[in-house]
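The values are calculated or read from the model by the stated rules, or taken from the named source; none is laboratory data. Computed from a prediction, not measured in an experiment: that's the story for all the values here. A quick note on method: Cβ atoms are made from the backbone with ideal geometry, for glycine too, and the neighbour counts reach across all protein chains shown. Only protein heavy atoms, including side chains, enter the accessible area calculation; ligands, DNA and RNA are left aside. Shrake-Rupley method; radii C 1.70, N 1.55, O 1.52, S 1.80 Å.
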Amino acid sequence: MGLARLIPRFPDGVAFVNRTAEIADTMDRHSDVYLRYGSVTFTSLTRSGERESEKDFEVAVRCEVVAVQQCPSPDQRRPTMFRCRVLRTAVASLLGFVVVAAGAPARGAAEPVHDVSAVAEAARASVVGILVTVPSGDPGEPRRDHAAATGFVYRPGYVITNAHVVKDAVEVQILFPDRSVTVVSDVSRSVLRDEVADIAVIRVDTRGLHPLPFANSDAVRVGEPVIAIGNPLGFRLGNTVTAGILSGVGRAVGTGLPFLQLDAAINPGNSGGPLLNREGRVIGINSAKIADVGIEGLALAIPANLAREVADELIARGKVERVWLGLRFVEGWKAYFGVPNEDGVEIESVVPDGPAGQVGLRSGDRLVRIDGRPVGTEDEINAYLLHRRPGEAVSIMVRRKGQVLETRVVLEARARLQEEVLPPPGPGRGILVHLTPAQIRDAAEYGETLIWQGLDALVADYTAQSGDAEAVLYTEFTYVARRVLSALWATGQHPSEAFQRAAADAIRGQLEVVVEMTGPGPGFLDGASAVLRQGALAVPGRVVRGPGYAVSPEGNSATGQVSFRFDSTGLDPAGEVDVVVTPPHGRSYVFHYALADLR
């Protein structure tokens with residue numbers, strides 16, 4: 001009997017899955033069938049291999065994909081058809097057309113699946129446009145720039161989007177589906193964002209629009225269909241719908257964020273729009289695409305679970321406090337291709353005012369474990385820190401010239417250094433004391449140039465040796481430069497004049513000396529004293545940071561760091577000074593500086 005004679009044309013709306021068992025029995029007797037997307041074609045074959053019969057019919061009811069074993073096409077003249085052996089409960093195409101068959105009893109009614117048009121129609125009513133106005137970027141140009149993007153209703157009174165969409169915005173307008181526009185009042189208070197996760201929420205009257213439901217993004221499967229809605233290139237193409245598949249999960253791509261990867265078309269203006277599953281639930285926030293010659297279909301979305309976590313914290317607390325180690329890393333060519341380094345991640349530099357600034361770590365150390373977890377890429381470090389909070393301590397293990405050292409770092413909020421900036425110094429003989437506004441600006445500009453040269457360029461002329469110990473002298477000028485450099489490293493933004501002034505005020509009338517030495521174990525610098533001497537002048541130092549230690553696993557060796565401050569009143573700014581540091585047990589170390597050569 002031909003398969004087509006067993007399967008009649010079903011009218012729209014008939015529960016096609018109810019015939020699962022009957023069709024399964026038939027397919028047991030006719031093992032080879034053809035499947036065509038669109039309208040469904042069953043073709044049964046006689047034992048002689050000749051085509052017996054064929055019938056097309058439309059299916060209105062949809063169900064979930066379970067499994068299909070695809071084989072090479074038996075007929076190259078019909079490339080849209082596949083020779084298949086249908087397995088288990090059901091097979092569905094991305095277009096929503098279904099073939100139902102089984103080699104075993106049906107497992108009950110299949111889960112309804114919405115097609116793209118149904119999902120889009122339901123979701124578009126909650127998707128909005130976002131128009132932002134930002135400064136032009138040229139301090140001498142009063143003109144302002146504009147950009148368009150996407151968002152959607154997260155809660156009543158809140159729209160969610162990407163943080164980069166509203167960054168530096170001085171005006172934000174929301175374009176609703178009915179084409180009406182609302183200007184967001186008091187942008188500084190109404191727009192809340194977390195730049196690390198690239199999530200922002202906007203307080204605005206959402207006019208009774210329904211929030212889009214969220215799915216559990218941890219449960220998504222690679223290969224499942226996805227739908228993106230957004231405003232590519234602005235609102236003339238507003239509420240554009242594109243579809244594709246989920247290409248991958250957990251894509252760090254240099255940030256530590258576990259991006260979702262998709263192949264649906266994403267373009268400028270799609271940022272902040274929803275990425276939906278076939279049930280119309282949000283599984284991600286469209287955020288970026290990787291574009292270059294020869295690269296196609298590489299778009300990224302922030303997972304819904306992370307977006308929801310961040311949005312809820314922004315709404316509840318107004319901010320998300322992100323932490324940092326205060327370490328800059330350098331990776332080899334393998335890192336470009338995502339290959340972990342078994343020898344850990346090399347520390348390029350230690351941010352002097354960062355959390356790890358004085359715990360005994362050095363440039364060239366290789367970070368191999370964090371809280372006992374092996375790390376082979378900077379992405380892995382960033383991913384681990386993503387859910388940590390300020391004040392928490394992490395254990396750091398590094399390898400230094402064959403020696404393994406461990407230390408603990410108390411994490412700090414990046415925002416601690418993300419505030420403001422001011423002026424620098426003029427030529428003269430000797431160090432600068434009580435910096436003028438112009439000298440503060442000069443110091444800040446010098447600190448900004450060091451973003452390319454690194455900390456070594458700053459401290460090279462200010463470092464003195466004593467045995468196997470070394471100490472770096474920070475004058476008021478170099479201290480401000482260091483603070484500005486630390487802030488740039490921490491935030492990627494130029495510190496404001498207020499930040500510069502605060503840095504200068506913190507060190508005004510003082511010198512700071514950062515001492516590093518090796519001892520028999522942790523604690524060898526606890527209680528250490530320091531004195532600055534110039535002629536008959538002797539100025540006692542006070543500890544302002546540390547001691548901190550990087551300790552060997554055996555505990556019998558440690559590198560320690562501690563910072564001292566000295567009052568510079570009465571000091572000859574062009575004279576020579578000695579800084580004498582005495583640990584509680586052991587000999588004194590003398591560090592000599594010629595101030596005339598410094599500033």
### Message
I need the full set of residues from the stretch 306-341 which are touching a residue at least 40 places away in the same chain (Cβ under 8 Å) and among the β-branched types (Val, Ile, Thr), in order please.
### Response
Val310, Ile315, Val320, Val323
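Matching residues to (1) under 19 Å from Ala335 (Cα atoms); (2) within 14 Å of the chain's Cα centre (by Cα); (3) among the β-branched types (Val, Ile, Thr):
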residue: Gly372; (1), (2), (3): no, no, no
residue: Asn382; (1), (2), (3): yes, yes, no
residue: Arg388; (1), (2), (3): no, yes, no
residue: Gly391; (1), (2), (3): no, no, no
residue: Ser395; (1), (2), (3): no, no, no
residue: Lys401; (1), (2), (3): no, no, no
residue: Thr407; (1), (2), (3): no, no, yes
residue: Val410; (1), (2), (3): no, no, yes
### Task
Take the stretch 565-585 and flag every residue that is under 46 Å from the mean Cα position of the chain (by Cα) and of a type in the set (A, V, I, L, M).
Val579, Val580, Val581
### Query
Taking the condition open to solvent by less than 10 Å² (accessible area, probe 1.4 Å) and in contact with a His (Cβ under 9 Å, 6 or more places away or on another chain), does Val581 pass?
no
### Query
Which residue out of Arg193, Arg251 is closer than 21 Å to Val127 by Cα, under 24 Å from the mean Cα position of the chain (by Cα) and open to solvent by 30 Å² or more (accessible area, probe 1.4 Å)?
Arg193
### Message
Quick test for you: out of Arg533, Arg508, pick the one residue that is of a type in the set (D, E, K, R), closer than 30 Å to Trp452 by Cβ and surrounded by fewer than 21 Cβ atoms within 10 Å (Cβ to Cβ).
### Response
Arg508
### Query
With respect to Gly256, is the statement that it is part of a loop (DSSP other than H, G, I, E, B), in contact (Cβ under 8 Å) with a residue 24 or more places away in the chain, more than 23 Å from Ile199 (Cα to Cα) and open to solvent by less than 60 Å² (accessible area, probe 1.4 Å) true?
no
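This table checks each residue for (1) closer than 14 Å to Ala228 by Cβ; (2) open to solvent by less than 10 Å² (accessible area, probe 1.4 Å); (3) of a type outside the set (A, V, I, L, M, F, W, C).
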residue: Gln261; (1), (2), (3): yes, no, yes
residue: Gly272; (1), (2), (3): yes, yes, yes
residue: Leu276; (1), (2), (3): yes, yes, no
residue: Pro303; (1), (2), (3): no, no, yes
### Task
Return the residue satisfying two criteria in turn: it lies in the stretch 565-586 and is in a loop (DSSP other than H, G, I, E, B) and either free of Cβ contacts under 8 Å to residues at least 40 places away in the same chain or in contact with a Lys or Arg (Cβ under 7 Å, 6 or more places away or on another chain) (or both), and of such residues it is farthest from Arg362 (Cα to Cα).
Gly570
### Task
Among residues belonging to the stretch 236-248 that are crowded, with 17+ Cβ neighbours inside 10 Å and under 20 Å from the mean Cα position of the chain (by Cα), point out the one that is farthest from Ile174 (Cα to Cα).
Ser247
### Query
Which residues, counting only those in the stretch 452-478, are among the charged types (D, E, K, R) and either over 34 Å from the mean Cα position of the chain (by Cα) or crowded, with 21+ Cβ neighbours inside 10 Å (or both)?
Asp461, Asp468, Glu470, Glu476
